[in-house]
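Heads up: the structure comes next, in structure tokens.
Where a number appears in this text, it was derived from the coordinates with a stated rule and is not lab data. Since the structure is predicted, the reported quantities are computational estimates derived from the model, not experimental observations. Note: ideal-geometry Cβ built from the backbone for every residue, glycine included; neighbour counts use all protein chains shown.
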Amino acid sequence: MDLPAPPPPVPRDLGQEAYDRIRDAIREGLLVPGLRLTENDLATRFGVSRTPVRQAIARLEAEGLLTRDPRRGLTVTRPDHQQVIELYVMREILEGAAARLAAQHATDTEFDAMAELIEAEPPVLDDAAALSALNQRIHGMLYLAAHNRYLLRSLEQISATIALLPTLLTLGGRAAQAHAEHVAILAALRRRDGHAAEEAARAHARAAQRHRLAWLVRAPGLPVAAPAARRQGETT
């Protein structure tokens, strides 16, 4: 008896692959804010043709990770002061919702995984790169534990945009404070107290926003408003 023929291979979505690789490079700091980009450069860097790169660029522009300026061309977005405020406002709302949902729907195994990540923080409180990577995994675990694909998509977008900013976790005692806040969130989650978990997550986001804004007022060269907003303000 002849065996059935194997199914044909699923065609590769080169546009999606290019998008994922460029987005990951931005998140990992390999493509830094303000860096000028071209289709040719990106195609060469990632070993793909210009067509999928063009598709990826269109998506990343729509998401705000890339910006096209009349004078400088295509660049990795450098968030301005107002964008940062808006980002953290949305982060507080969405992460609070994620914590509330996680308290309702997450498994104990997911809480154990989050606890393992949080327990790994104290030994690396002075290591910016290691702590930043661990922090992203903790927050990513919270997002997954909410078990809501639409919320997850929004949170991933917020997280990717915030990744355009330098990590401040090792400055001004923020690392130890953030660790304590993670512990408080997890404690509320384990109690299955949705209200307390949401409040703890929102307090964590507000503390991060205060720390970020304190840095912003001291950061040289950071724009107060996006180029389009500045041009509009000059003509009205």
Net charge over other residues, Cβ less than 15 angstrom from the Cβ of Glu198 (K, R count +1; D, E count -1) = +2
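Order these peptides, 66-72, 165-171, by their mean beta-carbon neighbour count within 10 angstrom, highest first.
Numbers: 66-72: 12.7, 165-171: 17.6.
With the highest mean Cβ count within 10 Å placed first, the list reads 165-171, 66-72.
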Per GNM of the chain with C-alpha springs under 10 angstrom, the most fluctuating residue out of Ala145, Ala214, Ala163 is Ala214
When Rg is the radius of gyration of the Cα atoms in the range 81-216 and Rh is its Kirkwood radius, what does Rg/Rh come to?
-> 0.93
For Leu74, residues with placed amide H under 5 Å, excluding near neighbours | Leu37, Asp69
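Find the relative contact order for the range 14-76 and round it to a whole percent, using C-alpha pairs within less than 8 Å whose residues are 6+ positions apart.
Details: 66 pairs, mean separation 27.2, N = 63.
Relative contact order here is 43 percent.
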Let me have the relative contact order for the chain, percent, based on Cα pairs under 8 Å that are six or more residues apart.
-> 25
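About the Cα centre of the chain, how large is the charge dipole given +1 on each Lys and Arg Cβ and -1 on each Asp and Glu Cβ? Please answer in debye to the nearest 20. Show your work: numbers first, answer last.
On the way: 29 positive and 29 negative charges, 200 e Å.
Value, rounded to 20: 960 debye.
Averaged over every viewing direction, what's the projected area of the C-alpha convex hull for the range 14-76? Give it in nm², one decimal, please. The partial results should precede the final answer.
Working: hull surface 14.8 nm².
Orientation-averaged projected area of the Cα hull: 3.7 nm².
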Residues meeting the amide H criterion for Leu66 (H placed from the backbone, H to H distance under 5 Å, 5 or more places apart or on another chain) are Glu61, Thr77
How large is ³J(HN,Hα), in whole Hz, for each residue of the range 93-105 in order, when computed from phi with the Karplus curve 6.51 cos²θ - 1.76 cosθ + 1.60 and θ = phi - 60°, using x for Gly and Pro?
-> 5, 6, 5, x, 5, 4, 5, 4, 5, 5, 4, 8, 10
Percent relative contact order of the range 81-216, based on C-alpha pairs within less than 8 angstrom and at least six residues apart?
-> 43
Select from Ala203, Ala214, Ala25 the residue farthest towards the positive end of the dipole of the chain; place +1 on Cβ of Lys and Arg, -1 on Cβ of Asp and Glu, and compute about the Cα centre.
-> Ala214
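What translational diffusion coefficient, in µm²/s and rounded to a whole number, does the Stokes-Einstein relation yield for the chain at 20 °C and a viscosity of 1.002 mPa s, taking the hydrodynamic radius as the Kirkwood radius over Cα pairs?
Numbers: Rh = 19.7 Å.
It comes out at roughly 109 µm²/s.
Which order do peptides 152-159, 77-84 fall in by mean Cβ count within 10 Å, highest first?
Values: 152-159: 16.2, 77-84: 18.0.
Listed from highest to lowest mean packing, they are 77-84, 152-159.
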Between Leu60, His105, Ser49, whose Cα lies farthest towards the positive end of the dipole of the range 35-112 when Lys and Arg beta carbons carry +1 and Asp and Glu beta carbons carry -1, centred on the Cα centre?
-> Ser49
